[in-house]
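Read the figures in this text as sums done on the coordinates, not as results from a lab. What you see is a predicted model; the values in this text were computed from it and never measured. Using ideal geometry, Cβ is built from the backbone for each residue, glycine included, and neighbour counts are taken over all protein chains shown.
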Amino acid sequence: MSNAIGRWWPLMLPIAYLLHLLEEWFGGEGFASWTARALGAPVSPTRFIVLNGIVWPLFAILTVLAMRRPKLAWFLTTFGALIVINASLHVLGALATASYSPGLVTGLLLYLPFGGRAVADGLERLPHQTFVAAIVLAVAIHAIVAFIAFV
């Protein structure tokens, strides 16, 4: 792997997130409709757009800042863990409902490898306490986003 790729790969995190959002919106019946049918808990299209319209740019900016400022490197671990959690939930949702969960393909093909790399890099490079805090923060963020999305 060249140094340029090694240095710039974290940009794949927000790119994967954007592609994942497109799959959730346009894939199959769409994530909002799928959650209503499969889970009995709809995510309104408006809430989906507003929530991700705030979170995606924030995470893209934080990714660039984390790439430029070593003190913020923990964010890449948090972002990576967050998307691994999300991909895992798409897999579980698809298995539990025996149906395609919009977001499953990008979850498997993009979220797991890039999120997994971010988590592995964090495990290798961050102090243990910082790594654990980054993972706990990812779990908390996912829980908060799910609460906002489904309530």
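How many angstrom lie between the Cα centre of region 103-151 and the Cα centre of region 25-72? Centre-to-centre distance over Cα atoms comes out at 14 Å.
Summing -39500 (n - 2.57) over the DSSP H runs of n ≥ 4 in the chain and dividing by its residue number, what mean residue ellipticity at 222 nm do you reach, to the nearest 500 deg cm²/dmol? Each step should come with its number before you reach the end.
Details: 7 runs with 106 residues, N = 151.
Taken over the chain, the calculation gives -23000 deg cm²/dmol.
Each residue, LEU11 and THR130, gets one label point 7 Å from its Cα in the Cβ direction; the gap between the two is 2.4 nm. Expressed in Å, the radius of gyration and Dmax of the Cα atoms of region 17-114 are 14.3, 44. Each of PHE26, PHE131, PHE114 has some number of other Cβ atoms within 10 Å of its Cβ, and from fewest to most they run PHE26, PHE131, PHE114. You can think of it this way: the chain between VAL50 and VAL151 has 35.0 nm of extra reach, that is 0.36 nm per residue less the Cα-Cα gap.
The TRP25 and ILE61 beta-carbon pair, evaluated with R₀ = 22 Å, returns a calculated FRET efficiency of approximately 0.50. Would you mind checking the tilt of helix 12-26 against the longest principal axis of the Cα atoms of the chain, expressed as 0 to 90 degrees and rounded to 10? Tilt of helix 12-26: around 10 degrees. Given their separation in residues at 0.36 nm each and the Cα-Cα distance between them, LEU72 and TYR100 gain 6.5 nm when the chain is fully extended.
The C-alpha atoms of the chain define a longest principal axis, and helix 116-125 lies at about 30 degrees to it.
When you filter the GluC sites (Glu not before Pro) in region 1-98 for DSSP loop state and at most 16 other Cβ atoms inside 10 Å of their Cβ, you are left with GLU29.
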